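The values are calculated or read from the model by the stated rules, or taken from the named source; none is laboratory data. Note that the coordinates shown come from a computational prediction; the quantities given were computed from them, not determined experimentally. All Cβ positions, glycine included, derive from the backbone under ideal geometry; neighbour counts span all protein chains shown. Ligands, DNA and RNA are stripped out before the accessible areas are found, and what is left, the full protein with its side chains, is counted by its heavy atoms. Shrake-Rupley method; radii C 1.70, N 1.55, O 1.52, S 1.80 Å.
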Amino acid sequence: QVQLVESGGGLVQPGGSLRLSCVASGTRFGVMGWYRQAPGKQRELVATIVSGGSPNYADSVKGRFTISRDNVQNTVFLQMNNLKPEDTAVYFCNAQSWFNSRIRYWGRGTQVTVSS
């Protein structure tokens, strides 16, 4: 059974930092990443990373967020610095199957709230 379990969300003041983690299990994974969904908005890409380590970021988070992964532990991280109120959203971990990239798995999400 494939599982993606996120952790690390919470409430932080503007300018603060949070680090999200996602532990994936149950199969081998290719591209892993983070998406987010704010109230009333569509889910959007935040960052992705391939198993070899090359990252991709949404323009809105470049220079502030850093994605990384531990292939041995099947874990992907998102270090979020200089957080802004517009970063408030539920953050979802996503992972593609190594064997079939059309198969994508999702975590349940973790809430990030940036507010003073």
Open item on the list: Using amide H atoms built in the peptide plane, which far-off residues or other-chain residues are under 5 Å from GLY109 H to H?
Closed with: GLU6, CYS93
Task: Sum of side-chain charges, TYR91 neighbourhood, beta-carbon under 15 Å (Lys, Arg +1; Asp, Glu -1) - done: +3
Open item on the list: To the nearest 20 Debye, how big is the dipole of the stretch 1-106 about its Cα centre, given +1 on the beta carbon of each Lys and Arg and -1 on that of each Asp and Glu?
Closed with: 160 debye
Task: Residues listed by number, the stretch 75-112, amide nitrogen under 19 Å from ARG64 label point at 7 Å toward C-beta - done: 77-93, 110-112
- [ ] Would you calculate the separation in nanometres between label points at SER116 and GLN79, each defined as 7 Å from the Cα along the Cα-to-beta-carbon direction?
- [x] 2.7 nm
Task: P(r) weight above 16 Å for the stretch 1-49, C-alpha pairs, percent - done: 57 percent
Open item on the list: What does the charge count around LEU4 come to, taking other residues whose C-beta lies under 13 Å from its C-beta (Lys +1, Arg +1, Asp -1, Glu -1)?
Closed with: +2
- [ ] First compute the accessible area of the stretch 57-116 with a 1.4 Å probe, then give the percent of it belonging to carbon and sulfur atoms.
- [x] 46 percent
- [ ] With a probe of 1.4 Å, find how much accessible area the stretch 1-51 has per residue, and write the answer as a whole number in Å².
- [x] 53 Å²
Task: Fully extended contour minus Cα-Cα distance, from ARG102 to GLN3, at 0.36 nm per residue - done: 33.9 nm
TODO: Hey, could you grab the Kirkwood Rh for the chain? Inverse mean 1/r over distinct alpha carbon pairs, Å, one decimal.
DONE: 14.1 Å
